[in-house]
Amino acid sequence: LPAHLRPLRPADRAPLERLIRATDAFLEDEVAVAMELIDLGLELSAGKDHGYRFLVAEMDGEVVGYCCWGRTPCTQGTYDLYWVAVDARRQGHGVGRDLMRGAEAAARDEGGRQMFVETASKPSYAATRAFYDRIGYLEVARVPDFYAPGDDKVIYRYDLCQAQFRSPTP
Ligand SMILES: CC(C)(COP(=O)(O)OP(=O)(O)OC[C@H]1O[C@@H](n2cnc3c(N)ncnc32)[C@H](O)[C@@H]1OP(=O)(O)O)[C@@H](O)C(=O)NCCC(=O)NCCS
């Protein structure tokens with residue numbers, strides 16, 4: 001059964017923190033940044049829009065993943081995908097792809113042209129890069145030694161306009 005995608009709620013904070021920690025993909029300072037964005041995203045219900053958008057994936061009433069994106073300030077229709085994570089036990093079942101397609105659709109609906117995502121070149125991120133490759137993101141640039149010596153920043157781009165005319169992936 002596909003995951004149900006819905007907006008972020010205050011009750012998601014604790015399960016999302018557990019999920020982010022349990023993926024083992026993120027260092028402590030990255031977890032802190034992820035939680036900071038979630039806290040900013042939760043202020044939207046109080047009328048404070050910090051520009052961070054969220055989708056939460058739920059299966060059987062359980063939070064199984066989320067993604068966070070936003071319009072890139074000072075651009076026309078450019079968006080950044082800041083974070084995507086799926087519960088380790090639920091990976092490989094299309095939840096990550098569904099979350100990305102949901103973020104892309106929301107960005108496109110408000111005039112978005114392109115979505116960028118940045119990731120690391122180090123071997124431990126090979127699965128993450130394979131994921132972006134498989135869902136149609138194209139590597140457009142690399143910044144050598146950005147994260148650490150030998151660990152480049154890899155920038156992927158997804159064309160939101162072109163996607164409109166592409167038949168849905170089976
Ligand atoms: C990366 C991540 C979000 C992918 O989510 P997911 O739900 O497992 O991915 P999906 O099941 O939607 O996979 C979509 C496509 O990517 C491919 N893919 C996913 N994980 C892969 C892996 N580890 N190796 C190779 N391909 C992979 C799938 O095979 C699928 O392609 P296909 O349908 O053509 O076969 C998830 O594995 C995750 O949370 N990882 C840890 C956190 C992380 O690295 N986040 C990104 C950095 S912010």
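The values are calculated or read from the model by the stated rules, or taken from the named source; none is laboratory data. Keep in mind that what you see is a predicted model, and the values were worked out from it rather than measured. Using ideal geometry, Cβ is built from the backbone for each residue, glycine included, and neighbour counts are taken over all protein chains shown. Just so you know, the surface numbers come from the protein's heavy atoms only, side chains and all, with ligands and any DNA or RNA stripped out. Shrake-Rupley method; radii C 1.70, N 1.55, O 1.52, S 1.80 Å.
Data overview
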| quantity | calculated |
| --- | --- |
| For the chain: relative contact order, % (alpha-carbon pairs under 8 angstrom, 6 or more apart) | 17 percent |
| C-alpha center-to-center spacing [the range 18-77, the range 84-122] in angstrom | 12 Å |
| Ranked order, 83, 69 - accessible area, probe 1.4 Å, largest first | 83, 69 |
| Heavy-atom accessible area ranking, 1.4 Å probe, most first, across 48, 122, 153 | 48, 122, 153 |
| Accessible carbon and sulfur surface of the chain relative to its total accessible area, %, 1.4 Å | 54 percent |
| In range of the label at residue 109: residues from the range 52-77 whose backbone nitrogen is under 20 Å from the point 7 Å along Cα→Cβ | 52-59, 65-72, 77 |
| With all protein chains modelled, accessible area of residue 21 [1.4 Å, Å²] | 100 Å² |
| Calculated FRET efficiency for the pair residue 72/residue 142, C-beta based, R₀ 22 Å, to 0.05 | 0.70 |
| 28, 118, 104, ranked by accessible area, largest first (probe 1.4 Å) | 28, 118, 104 |
| Per residue, in Å², the accessible surface of the chain once ligands and nucleic acids are set aside, probe 1.4 Å | 56 Å² |
| Gyration tensor (alpha-carbon) shape descriptor, the chain, a/c threshold 1.5 | rounded |
